[in-house]
Amino acid sequence: MVKLFESATFRGVELKNRIVVSPMGMYSAENGYVTPFHLDHYGKFAMGGAGLVFVEQTSVTRKGRITNGDPGLWEDGQIDGMHRIVQAIQSQGSRAAIQINHGGRKSGQQRAFRGNGPLTDRDIEMGEESWTPTGPSDVAFSDGFAVPTPLSKDGLAGIRDAFVAAARRALLAGFDVIELHMAHGYLLQSFLSPLANFRSDEYGGSLENRMRFPLEVTRAVRAAIPDSTPLFVRISAVDWIDGGWEIEDSVVFSRKLKELGVDLVDCSTGGNLRAGSTNANLSRGPGYQVPFADQIRREAGIATGAVGMIRTPDFAEQILRQGKADLVFLARQMLFNPFWARHAAEHFGLTGNFQDWPEQYGWWLAKWGGALRASGESLMEWQHYSDAAE
Ligand SMILES: Cc1cc2nc3c(=O)[nH]c(=O)nc-3n(C[C@H](O)[C@H](O)[C@H](O)COP(=O)(O)O)c2cc1C
């Protein structure tokens with residue numbers, strides 16, 4: 001039995017396999033509303049056979065957007081476009097997940113493909129809206145970035161409520177799984193890390209205090225969604241900076257998340273400061289974050305997702321088989337090959353006749369594949385690389 005293609009069930013929501021399209025911001029929404037681009041983009045991953053397809057980080061408030069191009073769920077009008085994406089995903093037998101987020105001190109930046117830095121005068125001339133972000137403390141993310149306004153207790157309560165309202169809208173849109181974004185230096189992670197949170201009230205200082213706001217949000221969202229809806233949390237398992245958030249903190253935090261009814265911890269890293277930036281980490285070696293998923297799974301006793309430079313089916317299978325994670329999340333490899341899951345099934349000899357493909361494609365592929373096989377060739381000689389860590 002190939003573990004990658006075993007189903008996985010969270011609170012009664014069954015994923016047909018353990019392959020997840022990781023959340024990826026496309027920075028292409030208009031005024032927080034998704035566009036036809038998003039429908040094409042997400043629909044093709046479901047055609048490609050992943051068990052769970054994540055819709056990108058989606059903002060719970062207008063000013064919580066990382067960029068002007070982020071989608072939102074801060075008003076009811078945004079539900080309909082998301083519903084169409086959910087339908088496109090579910091119609092192919094995949095489950096639909098959404099990551100909800102507040103950008104905190106990293107809000108109001110350039111779209112990633114326009115520089116990923118602070119907005120420039122030229123960006124503003126081109127129509128980008130600029131605003132002062134909010135965060136735990138009045139310390140900017142990096143040089144040149146806006147100094148955030150520290151959130152008051154009322155401000156925190158407002159954002160907690162915005163997470164709840166966005167989660168409710170996500171349910172109305174039909175999403176099967178909700179994930180809270182507590183990674184990459186955005187608001188909730190910036191409360192956790194001592195490198196971003198310098199508060200002296202009960203939301204800063206000790207680990208217990210720094211965890212308080214993210215846990216309040218978790219508790220409120222869990223209470224607002226049905227028992228049958230799985231709740232995932234993405235964390236940055238480490239800051240990659242001395243004196244920052246460490247894996248031991250992640251284990252403690254994950255235990256608390258589990259107590260509050262979180263179903264899976266999705267283990268990313270970094271992003272809190274430029275020095276530990278997410279982009280720098282994207283070029284670390286194959287499976288560079290897998291050890292964190294493994295440790296949290298063992299020590300906190302909660303299901304985990306492994307992410308980061310997982311490219312080949314054999315490597316993904318090995319992670320699951322060795323019990324290091326329950327699901328594998330793939331991002332860039334899915335951009336490169338949205339049909340990764342179908343190809344992986346072929347690789348393991350599971351769909352010899354393309355019967356699992358959308359029938360509109362599969363019947364032709366079966367004919368063509370059969371003809372090639374008869375002449376000793378294979379339709380897909382696609383695995384030209386291997387992962388060093390295997
Ligand atoms: C274009 C792009 C956009 C991303 N946007 C998000 C996002 O919205 N939320 C998030 O948690 N991670 C985001 N990430 C990180 C990915 O989900 C993933 O953790 C990372 O790319 C490592 O996985 P990979 O090596 O398979 O690409 C993004 C990555 C890429 C390449």
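What to note about this one:
- 0 to 90° range, to nearest 10: angle between helix 359-374 axis and the chain longest Cα axis: 50 degrees
- q = 0.23, 0.29 Å⁻¹: log10 I(q)/I(0) that the Debye formula gives for the stretch 91-131, counting C-alpha atoms only: -0.78, -1.05
- Net charge dipole size for the stretch 24-76 [Lys, Arg +1 and Asp, Glu -1 on Cβ; Debye, nearest 20]: 140 debye
- Angle between the chain longest axis and helix 79-90 axis [Cα atoms, degrees, rounded to 10]: 30 degrees
- D_trans [Stokes-Einstein, Kirkwood Rh over alpha-carbon pairs] for the stretch 72-206, 25 °C, 0.890 mPa s, µm² s⁻¹: 149 µm²/s
- Mean shadow area of the stretch 1-144, taken as a quarter of the surface of its Cα convex hull (nm²): 10.5 nm²
- Helix axis angle, 207-224 relative to the chain longest principal axis, alpha carbon, degrees: 60 degrees
- Hydrodynamic radius (Kirkwood) for the stretch 220-333, which is based on Cα pairs only, to one decimal in Å: 14.5 Å
- Charges were assigned to the Cβ only: +1 to each Lys and Arg, -1 to each Asp and Glu. The resulting dipole of the stretch 232-326 about its Cα centre is roughly 160 debye.
- Additional length obtainable on full extension of the chain from Tyr361 to Gln322, 0.36 nm per residue less Cα span: 10.6 nm
- Counting only Cβ charges, +1 for Lys and Arg and -1 for Asp and Glu, the dipole size of the chain around its Cα centre is about 300 debye.
- Kirkwood Rh, angstrom, the chain [1 / mean 1/r, Cα pairs]: 21.2 Å
- Relative contact order %, the chain, counting alpha carbon pairs below 8 Å whose residues are six or more apart: 15 percent
- A crude spin-label estimate for the pair Asp314 and Leu372, with each label 7 Å from Cα along the Cβ direction, gives 2.0 nm.
Each reported figure results from applying straightforward, stated rules to the coordinates on display, with no laboratory input. Fair warning: this is a prediction, and the values are worked out from it, not measured in the lab. Here Cβ is always computed from backbone atoms with ideal geometry, including for glycine, and neighbour counts include all displayed protein chains.
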